[in-house]
Amino acid sequence: MAQRNPVVRDEVSTAEIARGQLEKLAVEQGVQPITDFDSLKADFWPEDESIDDFVRTVREGRRDSGGAEHCLSRVATT
């Protein structure tokens, strides 16, 4: 159970308020629970490159402020 926030003097904790707001937003946006983990898989990284290569590329992209575009351009050139 969520701990009560000692600063807030009401009967509802900050975590409970946030949880309620998230649940309301999920309903408004039609978000459904994930029932098939395989649906989250993505096929965007070459099989012959290791996870270390992937992590290195992501970090380089973040450092260079290229973000996802850097990763995508890397994949497009392989």
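The values are calculated or read from the model by the stated rules, or taken from the named source; none is laboratory data. Worth saying up front: this structure is predicted, and the values here are computed from it rather than measured. In this analysis, Cβ positions are derived from the backbone assuming ideal geometry, glycine residues included, and neighbour counts consider all displayed protein chains.
Here are some notes:
- Boolean, E23 is in a helix (DSSP H, G or I), in contact with a Lys or Arg (Cβ under 9 Å, 6 or more places away or on another chain) and modelled with pLDDT of 90 or more: no
- Residue match in region 56-78 (condition: in contact with a helix residue (DSSP H, G or I) (Cβ under 9 Å, 6 or more places away or on another chain), modelled with pLDDT under 65 and acidic (D, E)): yes
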